[in-house]
Amino acid sequence: MKGRPLLPFAIIAIVGIVVMISLSFIGLNQREAMQADEEGEEEVTEIEDPVAAGEELVQTSCIGCHGGDLSGGAGPALTSLEGQYTQEEITDIVVNGIGSMPSVNDNEVEADAIAQYLLSISE
Ligand code: HEC
């Protein structure tokens, strides 16, 4: 009978430890899920309407050097690329740069949308 009164405490202690361990596992899972979410937001992997998305991207990242109407500025005009460059080549230029032009966007999906837009407006 000597150890008896201790038993409830032992049970409480064990239950407490089990609860703590499971809570920390749940916390870890949630953190991983949150991290995955954040990464998903940053990395664009699919674009529904590439031409429309490409137009917006061009407005924010190309007109500074190629002119507001893309007729040229620090860089050459981008209004008649059809026949000069393929979609793949324009994507490559946006991702890697060309000559004195730096890499502008290293997301291939966005770069490809830009290329599709530029070819769609090509005269
Ligand atoms: C920092 C200025 C700058 C930005 C921003 C920039 N470019 Fe350029 N781009 C240039 C320069 C300068 C050249 C000429 C490079 C050379 O031939 O040495 C060029 C050349 C090009 C060419 C080749 C044109 C030709 O006639 O050979 C393409 C295509 C192009 N840029 C597309 C883009 C696109 C698309 C964007 C936006 C995603 C963009 N550029 C953003 C400066 C820029």
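The values are calculated or read from the model by the stated rules, or taken from the named source; none is laboratory data. Nothing here was measured: the structure is a model prediction, and the numbers come from that model. We place every Cβ from the backbone using ideal geometry, glycine too, and count neighbours over all the protein chains shown. With ligands, DNA and RNA removed, areas are computed over all heavy atoms of the protein, side chains included. Shrake-Rupley method; radii C 1.70, N 1.55, O 1.52, S 1.80 Å.
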* Principal-axis tilt of helix 6-42 within the chain, Cα atoms, nearest 10 degrees -> 0 degrees
* Using a simple charge model, +1 on the beta-carbon of Lys and Arg, -1 on the beta-carbon of Asp and Glu, nothing else, what dipole does the chain show about its Cα centre, in debye to the nearest 20? -> 1520 debye
* Structure fact -> With all protein chains present, the chain has a carbon and sulfur share of its accessible area (1.4 Å probe) in percent of 58 percent
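Using a 1.4 Å probe, what is the accessible area per residue for the chain, in Å²?
72 Å²
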* Structure fact -> Measuring from the longest principal axis of the C-alpha atoms of the chain, the long axis of helix 108-120 (C-alpha) lies at a number of degrees, nearest 10, equal to 30 degrees
* To do: With runs of 4+ DSSP H residues as the only contributors, calculate the mean residue ellipticity of the chain at 222 nm using -39,500 (n - 2.57) per run, divided by the residue total and rounded to the nearest 500.
  => -20500 deg cm²/dmol
